[in-house]
Amino acid sequence: MGVVILLVMAAGVAAMLSRKLPTAFALVLLAVMIAFLAGAPLTGKNSVFDTVLQEGAPALAATMIAILLGSWLGKLLEETGIAGTLVRKIVEFGGDRPVFVALGVLAVSALVGTVTGSAPAAMLAGLIGIPAMIAVGIPKVTAAGTILMGIAAGMPFELPVWQFFSTALDLPVDTVRGFMLKLFPFALVAAIAYVLVESRRGVEHAWSLKSVHSAPSSRGGRRERLGDAPWYALLTPVVPLVLALGFDLAIIPSLLAGVLYALVTTTRPREMNRRLLRTLYGGFEVAAPPITLFVAIGVLLAAVKLPGAVEALEPLVKAVSPHNAVLFVLVFTLLVPLCLYRGPLNVFGLGAGIAGVLIATGIYPAVAVLGMATSYNQVFGVADPTSTQTVWSAQYAGVSPQQVMVRTLPYVWAVALGGLCVTAAAYL
């Protein structure tokens, strides 16, 4: 029966890759089929209806709330001008020095990446950052990749991601945070190396930003024209991080504190209610796709953890899983491309189910699966041509997502290698 389940999983991957079914729908259908193949009854304990669908759908509820709050905070960064002001300040500081401008935009992208992910993060940093980089001579592909590498550098500190891995892998947030801190240096070095190397691939002057380089007549006039936020409001992205890292505050309160700080530092009291509601509703719109996906992932995790599924898959997975530390690093580094194009190792797809199988069967400790999944997530978040942030950044820069993938993949592959080495050394 284990072979049949694996074949069903392969069919699910094919359906997602060929876009026959949306990822979330494919995962739910796959979960129900796995449950039936595992011999689960329709109702009762370890059943299709009560366990897989009823209990699985809200299993990642904490992650969904964190995603919503991150999206809400992202909308506030956009509407209040905080994100745009950060990028403009960096571009002005860099002047006509392409590498300095790119490194500055990279830093802003990393800050934004700690708040929210996916296309909203790319848009917050890229709407001004990409034209600014191209205007000073950064190649278009490099400009798009800089936004993505920056977001990936901030991803180890993205609080909703901490919550996702904590809930999905049943690990304490402190454990997730500890590994993310180990992963961050690899992501940061790779991002800086990308900018330093790729920014020298020719010069292209395509856009100019009058709003960036024009000299304002007065500080008040500048803020009125450009929507600059006050300097103290620019600290908004670091507020949740300081609370979560420095004061060990829980994730949801930390994000709520960021929302309140952004609001209080940028909005007149009589406008607060309207802005709160407007940005919250906008946050729901942004958060809807990932929340739908997390519902489906919860259902899939519930299915692969059913006793019948574990019993069927355990001997097969054990037979092909390397336990030697060197082989672990080698095999899973070579398998990195399988997290691209919504492949089987994409943690926001079937990869979540595979992670659940590895933990449920006891093949690897949960923290080792965390290391593997987060390492792959660094690749998916940058180089996958089907991810929304990659598509948006590439199209806005005027290049194809595949061009961005080719340029960024070697760097994020190195990040994954570093993460897998840390995993093997510490947890195997």
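The values are calculated or read from the model by the stated rules, or taken from the named source; none is laboratory data. Just so it is clear, the structure is predicted and the values come from calculations on it, not from any experiment. Reconstructed Cβ throughout: ideal geometry from the backbone, glycine too, with neighbour counts over all protein chains shown. Surface areas here come from the heavy atoms of the whole protein model, side chains and all, with no ligands, DNA or RNA. Shrake-Rupley method; radii C 1.70, N 1.55, O 1.52, S 1.80 Å.
A few points about this structure:
- When you count the other C-beta atoms within 10 angstrom of each residue and take the mean per peptide, 234-247, 107-120 line up highest first as 107-120, 234-247.
- Residues residue 247 and residue 341, FRET efficiency given R0 of 45 Å [Cβ-Cβ distance, rounded to 0.05]: 0.65
- Aspartates and glutamates with Cα under 19 Å of residue 89, excluding same-chain neighbours fewer than 8 positions away: 78, 79, 224, 228
- Heavy atoms of residue 232 accessible to a 1.4 Å probe, total area in Å² rounded to 10: 90
- Residue by residue, the range 293-305 carries 3J(HN,Hα) couplings of 5, 5, 4, 5, 5, x, 5, 5, 4, 5, 5, 6, 8 Hz when phi is fed to the Karplus relation 6.51 cos²θ - 1.76 cosθ + 1.60 (θ = phi - 60°); x denotes Gly or Pro.
- Volume of the convex hull of the range 37-84 (Cα atoms only), normalised per residue: 84 Å³.
- Length released on extending from residue 25 to residue 292, taking residue separation times 0.36 nm less the Cα-Cα span: 95.2 nm
- Simple point charges give the picture: +1 on the Cβ of Lys and Arg, -1 on the Cβ of Asp and Glu, and for the chain a dipole about the Cα centre of about 1020 debye.
- Paramagnetic reach from residue 57 in the range 294-333 [backbone N under 18 Å; point 7 Å along Cα→Cβ]: 294-304
- R0 of 51 Å, Cβ-Cβ distance residue 260-residue 50: FRET efficiency to nearest 0.05: 0.85
- One decimal place: the segment residue 324-residue 93 gains 78.2 nm when fully extended, by the rule 0.36 nm per residue minus the C-alpha distance.
- Note on the range 314-404: Cα-only Rg and Dmax are 14.9, 48 Å.
- For residue 29, the solvent-accessible surface computed with a 1.4 Å probe is close to 90 Å², ligands and nucleic acids excluded.
- Accessible area of the chain belonging to carbon and sulfur atoms, whole % at 1.4 Å probe: 67
- Think of a 1.4 Å ball rolled over the protein heavy atoms: the range 6-103 then has 45 Å² of accessible area per residue.
- Our estimate of slack between residue 174 and residue 311, defined as 0.36 nm per intervening residue step minus the Cα-Cα distance, is 46.2 nm.
- Cα gyration tensor, the range 1-77 - rounded (a/c under 1.5), prolate or oblate: oblate
- Sorting the segments 279-292, 185-198 by their mean number of nearby beta carbons within 10 angstrom, highest to lowest, gives 185-198, 279-292.
- Toward the positive end of the charge dipole of the chain, with +1 on the Cβ of Lys and Arg and -1 on the Cβ of Asp and Glu, the farthest Cα among 196, 37, 347 is that of 196.
- Largest GNM mean-square fluctuation among 174, 228, 384, using the chain with Cα springs under 10 Å: 174.
- Debye equation applied to the C-alpha atoms of the range 368-428, log10 I(q)/I(0) at 0.28 Å⁻¹: -1.02
- Over the chain: helical MRE at 222 nm, DSSP H runs n ≥ 4 each giving -39500 (n - 2.57), nearest 500: -23000 deg cm²/dmol
- Taken over the chain, the convex hull of the Cα atoms encloses 129 Å³ per residue.
- Approximate spin-label separation residue 193-residue 8, in nm, with each point projected 7 Å along Cα-to-Cβ: 4.2
- Ranking by accessible area, most exposed first, for 162, 231 with a 1.4 Å probe: 231, 162
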